[in-house]
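Colleague: I'd like to ask some things about the structure below.
Here, each number is a calculation from the coordinates, and none is a lab measurement. If you're wondering where the values come from, they're calculated on a predicted model, not measured in any experiment. Virtual Cβ from ideal backbone geometry, glycine too; neighbours counted across all protein chains shown.
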Amino acid sequence: MRLVLALLLSLVLAASPPAAAQQATDVSPSTGEIDASAVTGRHGMVASQEAQASRIGAAVLARGGNAVDAAVATAFALAVTLPRAGNLGGGGFLVLHRAGGEPVTIDFRETAPAAATPNMFLDAAGNADPLKARFSASAIAVPGSVAGLALAHEKYGSGKLSLAALIEPAVRLARDGVPVTGDLFETLTLAERRLGQWPSSAKVFLPGGKAPAEGALLKQPDLADTLGRIAAEGPNGFYRGPVADKIAATVKAAGGILTIADLAGYRAVVRPPVRGTYRDYEILSMPPPSSGGVHLIEMLNILEGYDLTALGAGTPAALHLVVEAMKLAYADRAAFLGDADQVDVPLGKLLSKDYAAELRRGIDPAKARPAATIRPDSPALGGGGANTTHLSVVDRDGNAVALTTSLNFNYGMGLVADGTGVLLNNTMDDFSAKPGAPNAFGLIGSAANAPAPGKRPLSSMTPAIVLKDGKTKLVTGAPGGSRIISTVLQVILGRVDFDLSPAAAVAAPRVHHQWRPDVLLLERAIPPATAQALAAMGHTIEVGATSGSAHTIVVTPEGVVGVADRRARGAGAAAE
Ligand code: DON
């Protein structure tokens, strides 16, 4: 059935004008199912969007690697087995809790090339040009993943396994091939048109000019060579020399601005996490250039003032409060957030309990607050897909890694750097082309998030770790563009306030409101009576969108539980 739908959709797309088709292919397929599967182990655990990559990570744990080693191996494997989101040509964030040590994060977000300007995504009339920001080669930002994963390994790996050893399984999979089934088959079919615009991409992903047949083997020999160079030379194998030359040449030929100097200058950054508390728990997550951690903690601070447990999981009264907190936080995101290395972000205020209390006073427990009364009116589009990917790792010593990584859209720009196998991102769209102009996820921003040389575009990726008494309790994160932050919030609430089992906390149907547009998105599994009750409180309801797949690990008295969120096909958790 799903296959029939996918094929029908691709037929519709084939008949559409190019711009519409390009937009539509970025609606990520997801299973639409709301289900999660749990694996319980005694020691380490890896949960990711692709089961084979999780097993590779678990094998690293079994060989004595720590959570960072396992996360690095899993992330490299995902670049091969889940090419729509796992990547070398994109970027992401890693949050690390070190048992007995200070937590850290690694920011390997893409950066704007040196030639970026604040007006680069405006047309001649001064209006935001979404096609340029999303589908032109100017959308390609300097990739950060290779630098970030190598830095993680170098600084925080166990020291027992070399980077080459962690990359080796990915090299093998790229060389020997992975079967084109499930998610890979569906997403390649859907992306056929976008990939097909570029001969370098068609060569890799469209044998004979078409998406591979179900069950075919996808071999990526160029990617294997690129991975091999990184294994042999470290990040220099990617950011300098032939791979860098080929990336810059492809971007230049496509009309973009990224250069070899941009690549050579890329640096991943170690930053302290943003930290908050929620009831008896401590929250660690990603600081700017992600908005995720800041607004996750802001929403939790607001919600701490309510007895959600008494209201009950999934009740209209509880969901209403959660939604009202979302609106306030997303409005702040639009107003204040950007790369804090380049602009001032009022982090102290946004993370404070006092500010949350002030915001809470503006919430009516029985009535939806119109978005226009929160901050002045701005236009915005709808929500996003599920084209990023998250993995969670816990090792036997209690170290934990939450890692979210992305090419932005499925298969990023759809453009493979010729001869490298590396798909390039279109993450420049995460900048605000113009204050008030929405990005692909309907998110608006201020001048704080305008493009500028070397600047990191604001992200919603929210890798998060929840601790109690200094020990890992829960590791989570998600894809889903703007819906990432609200997804992570609800997984945490499911455990902390509603005492749901790990699988139920992940599977529970989700709601999402991002202030603009003033629409409450409900997953289909929200019961109609609940939707009606929310509508009666004044919410404008839209049903149907599936929120991102949150592959989560929960440490329980019974063991370490890895939960694969079945909203994404092929997800899997693997115990050490
Ligand atoms: O960093 C961000 O917020 C976006 N580039 C994430 C994109 C995403 O999650 C795509 N999936 N829907």
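Colleague: Can you give the FRET efficiency for ASP499 and ALA372, using 1/(1 + (r/R0)^6), R0 = 45 Å, r = Cβ-Cβ distance, to the nearest 0.05?
Modeller: 0.75
Colleague: Ok, one more. Under the rule of at least 5 residues apart or a separate chain, name every residue whose amide H is placed under 5 Å from the amide H of THR388.
Modeller: Those qualifying (amide H under 5 Å, at least 5 residues apart or on another chain) are GLY480, GLY481.
Colleague: Continuing with the same structure: Which ³J(HN,Hα) values, rounded to whole Hz and listed in residue order, are derived for segment 550-557 from phi using the Karplus coefficients 6.51, -1.76 and 1.60 in 6.51 cos²θ - 1.76 cosθ + 1.60 with θ = phi - 60°, glycine and proline given as x?
Modeller: Taking θ as phi minus 60°, the curve returns 9, 7, 10, 10, 10, 9, 10, x Hz for segment 550-557.
Colleague: Applying the Karplus parametrisation 6.51 cos²θ - 1.76 cosθ + 1.60 with θ = phi - 60° to the phi angles of segment 456-465, what ³J(HN,Hα) value in whole Hz is obtained for each residue in order, glycine and proline being reported as x?
Modeller: Each residue of segment 456-465 in turn: 9, x, 4, 10, 9, 4, 10, x, 9, 10 Hz.
Colleague: Rank PHE121, THR105, ALA77 by how far each Cα sits towards the positive end of the charge dipole of segment 57-128 (+1 on Lys, Arg Cβ; -1 on Asp, Glu Cβ) and give me just the farthest.
Modeller: ALA77
Colleague: Choose one of GLY481, ILE526, LEU458: the residue whose Cα lies farthest towards the positive end of the charge dipole of segment 458-566 (beta-carbon charges +1 Lys, Arg; -1 Asp, Glu; about the Cα centre).
Modeller: Going by the charge dipole, the pick is LEU458.
Colleague: Convert each backbone phi in segment 121-126 into a coupling constant with the Karplus relation 6.51 cos²θ - 1.76 cosθ + 1.60 (shift: θ = phi - 60°), then list the ³J(HN,Hα) values in order as whole Hz, x for Gly and Pro.
Modeller: Those phi angles translate into 10, 9, 8, 4, 8, x Hz.
Colleague: Kindly provide the helix-only [θ] at 222 nm of the chain, computed as the sum of -39,500 (n - 2.57) over DSSP H runs of four or more divided by all residues, to the nearest 500 deg cm²/dmol?
Modeller: Calculated from helices alone, the mean residue ellipticity at 222 nm is -11000 deg cm²/dmol.
Colleague: Right, another one. Amide H of TYR278 versus every other amide H placed in the peptide plane: which residues, excluding those fewer than 5 positions away on the same chain, fall under 5 Å?
Modeller: ILE283
Colleague: Indicate the gyration tensor shape class of segment 392-513 (rounded, prolate or oblate), computed on the Cα atoms with a ≥ b ≥ c the square roots of the eigenvalues: a/c under 1.5 is rounded; otherwise a/b larger than b/c is prolate and the rest oblate.
Modeller: It is prolate, given that a/c is not under 1.5 and a/b is the larger ratio.
Colleague: OK, next. Return LEU149, LEU328 ranked ascending by Cβ neighbour count within 10 Å, so the fewest neighbours appear first.
Modeller: LEU328, LEU149
Colleague: Let me ask you something else. For SER162, list long-range residues whose amide hydrogen, built 1.01 Å from N in the peptide plane, is under 5 Å from its own amide hydrogen.
Modeller: The answer is none.
Colleague: Take the cross-link list LYS160/LYS468; LYS203/LYS246; LYS132/LYS434; LYS327/LYS468; LYS327/LYS353; LYS327/LYS349 and give me the ones stretching past 19 Å between alpha-carbons.
Modeller: LYS160/LYS468; LYS327/LYS468
Colleague: Note down the relative contact order for the chain as a percent, whole number, built from C-alpha pairs under 8 angstrom at least six residues apart.
Modeller: 26
Colleague: If you don't mind, there's one more thing I want to ask. Less than 15 Å apart at the alpha-carbon level, and either on another chain or at least 8 residues along: which aspartates and glutamates does that give for LYS455?
Modeller: Candidates past the 8-residue exclusion: ASP107, GLU110, ASP262, ASP339, ASP341, ASP344, ASP429, ASP430.
Colleague: Follow-up question, since we're still on this one. Please report, ordered by residue number, every helix of the chain (full DSSP H runs) that is 27 Å or longer along its axis going by C-alpha atoms and whose mean Kyte-Doolittle hydropathy reaches -1.0.
Modeller: Correct list, ordered by number: 316-336.
Colleague: Along the charge dipole of segment 151-277, pointing to its positive end and built from +1/-1 on Cβ of Lys, Arg, Asp and Glu, which listed residue (LEU166, LEU223, GLN197) has its Cα farthest out?
Modeller: It is LEU166.
Colleague: Return the aspartates and glutamates within reach of LYS471: Cα separation strictly under 20 angstrom, same-chain partners fewer than 8 residues apart disregarded; answer none if there are no such residues.
Modeller: Straight-line reach from LYS471, under 20 Å: ASP69, GLU102, ASP280, GLU282, ASP395, ASP397, ASP497, ASP499, GLU558, GLU576.
Colleague: Sort 224-232, 121-129 for me by packing, meaning the mean count of neighbouring Cβ atoms within 10 Å per residue, highest on top.
Modeller: Peptide ranking by packing, descending: 224-232, 121-129.
Colleague: So if each residue of separation counts as 0.36 nm, and I subtract the Cα-Cα distance between THR277 and ALA164, what length gain in nm does that give?
Modeller: Once the chain is fully extended between THR277 and ALA164, it gains 36.9 nm.
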